[in-house]
Amino acid sequence: MAPPRKRKFARSIQRREREGIAASRANESSKLCQQRQLADSERTAASRACETEDERYSRQAANAQRMTIARASETVEERCRRQAADAQRTATARASENTEERCRRQAAGAQRISNVRYEVWRQKENSAFQYSSNICYESDPLIAIGRMTLECNFCQALRWKGESPGMCCSNGKFRLHSLQAPPKPLYTLLTADYSDAVHFQDNVRKYNACFQMTSFGSTKEIREAGFMPTFKVQGQVYHRIGSLQPLRNEEPKFLQIYFVGDKDKQIEQRCRNISNTRPSIASQIQDMLHQHNSYVQGFKYAMEKMSPELKVVIYADKTPSGQHERR
């Protein structure tokens with residue numbers, strides 16, 4: 001390390017050099033200033049093009065450190081002047097841009113933001129396969145999304161903090177009727193904790209299948225090899241309703257069960273079609289549907305009142321006036 005006297009002398013020389021450069025540039029003409037800046041930028045570009053990855057990283061780290069120190073020592077007045085000068089310089093530069101330059105700048109800015117966001121997630125790549133009990137995953141803001149505590153001012157839908165507002169109802173453009181509580185006994189089965197209710201909650205999909213009126217159909221199903229619980233549909237999806245009466249020597253299923261004998265026979269058939277269902281629960285749900293479901297009531301009325309010779313014909317090329325062709 002140089003003696004204090006020599007360090008002081010060196011700083012004095014550097015200060016005089018900076019002052020001389022500043023005075024020289026203050027007397028430059030606009031043309032000379034542009035020429036100097038162009039030469040400086042070309043020299044800098046050539047120098048950086050020869051940098052290795054480590055050299056570039058070291059230079060950027062040193063620049064960031066130097067900038068941090070300089071800004072930390074600024075007074076409030078100096079900071080305001082710097083920010084105003086930066087804003088003015090940016091506004092002047094953008095005002096002189098042509099369309100191509102503006103597009104390039106915006107594309108570069110978007111790419112820069114994308115790189116920053118990607119870098120955050122890149123550090124977590126394959127982290128799900130490298131679980132460590134020493135890491136507190138719950139404290140990671142990228143993983144801990146919190147609870148759905150924010151409420152939409154228009155439709156009262158709940159959302160997470162990071163979700164964009166308006167995703168639910170487009171800020172009031174779409175208005176949905178309020179959801180009503182399901183009628184009893186369904187509400188009790190869904191919320192209570194006695195034996196039948198717990199059994200219903202554990203097997204709710206089976207009870208849903210007990211009372212479905214249509215079957216699923218599609219033009220073509222694509223199933224992938226291996227264990228894949230989902231499948232893809234190519235073409236169209238259909239709800240097949242079939243005939244209201246089963247064919248000879250066939251068990252009633254789907255909507256057909258609603259027209260089988262009396263109530264007890266219907267319950268027996270439903271529980272026979274879907275295993276691990278209780279007749280006592282099926283009976284309650286069946287009574288509820290006959291009382292509240294308009295589709296069940298309509299089909300029952302049609303079965304009881306319409307002539308056996310009645311036919312329903314749907315013409316694909318006939319649509320109501322002013323309606324979409326696929327309505």
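Annotations
- One decimal place: the segment residue 227-residue 170 gains 16.7 nm when fully extended, by the rule 0.36 nm per residue minus the C-alpha distance.
- With R₀ set to 30 Å, the beta-carbon distance separating residue 60 from residue 161 gives a calculated FRET efficiency near 0.35.
- Fraction of the pair-distance distribution of the chain above 32 Å, Cα-Cα pairs, percent: 67 percent
- Against the main long axis of the alpha-carbon atoms of the chain, helix 294-305 sits at an angle near 30°.
- Dipole of region 142-240 computed with +1 at Lys/Arg Cβ and -1 at Asp/Glu Cβ about the Cα centre; of 186, 210, 237, farthest Cα towards the positive end is 237.
- Mean Cβ neighbour count within 10 Å, used as a protection proxy, ranking 278-289, 108-119 highest first: 278-289, 108-119
- Convex hull of Cα atoms in region 141-275, direction-averaged projection (nm²): 14.4 nm²
- Value of relative contact order over region 136-175, rounded to a whole percent, pairs C-alpha under 8 Å and six or more apart: 29 percent
- Listed peptides 120-132, 157-169 appear in the order 157-169, 120-132 once ranked by packing, highest mean of other Cβ atoms within 10 Å at the front.
- Kirkwood hydrodynamic radius (C-alpha pairs) into Stokes-Einstein, region 136-175, 20 °C and 1.002 mPa s, D in µm²/s: 192 µm²/s
- Computed E for residue 78/residue 21 - FRET, C-beta separation, R0 22 angstrom, nearest 0.05: 0.60
- Shown is the FRET efficiency for residue 180 and residue 253, computed with R0 = 45 Å from the Cβ-Cβ distance and rounded to the nearest 0.05: 0.90.
- Highest mean packing comes first when the peptides 254-262, 93-101 are listed by Cβ atoms within 10 Å, giving 254-262, 93-101.
- Fully extended contour minus Cα-Cα distance, from residue 114 to residue 264, at 0.36 nm per residue: 47.6 nm
- Nearest 10 degrees, 0 to 90: helix 279-292 Cα axis against the chain principal axis: 80 degrees
A short reminder: the numbers here are calculations on the coordinates, not readings from a lab. None of the values given here were measured: they were computed from a predicted structure. In this analysis, Cβ positions are derived from the backbone assuming ideal geometry, glycine residues included, and neighbour counts consider all displayed protein chains.
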